[in-house]
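This report refers to the structure that appears directly beneath it.
The values are calculated or read from the model by the stated rules, or taken from the named source; none is laboratory data. Fair warning: this is a prediction, and the values are worked out from it, not measured in the lab. Here the Cβ positions follow ideal geometry from the backbone for every residue, glycine too, while neighbour counts run over all protein chains shown.
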Amino acid sequence: MTDFTSSEPRHKGHTARRGTEFLFYFSLIFVLAIPFALVGWVLEVFQKQTLMLHGPLARAWAEADRITPLIFSA
């Protein structure tokens, strides 16, 4: 079994800046996705006649969570 307790902490470098930039883009995409997610949610509620669906904020969060990493992978 390997002992990881004696290893030194890893240097994070520029992750703080990238983390801030990532959060900025995530927030921007999230806010812009809310109206579209709301419209899609309302349409699906009328089509399926149920409220047992992910809400508009959950949908917008999922879209932002899907799109933001694509920006940083390029």
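Laid out as a table, the results:
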| item | result |
| --- | --- |
| Residues that are β-branched (Val, Ile, Thr) and either outside any loop (DSSP other than H, G, I, E, B) or at pLDDT 95 or above (or both), drawn from region 1-40 | THR15, THR20, ILE29, VAL31, ILE34, VAL39 |
| Matching residues in region 46-74 - criterion: being in contact (Cβ under 8 Å) with a residue 40 or more places away in the chain and surrounded by 12 or more Cβ atoms within 10 Å (Cβ to Cβ) | THR68, ILE71 |
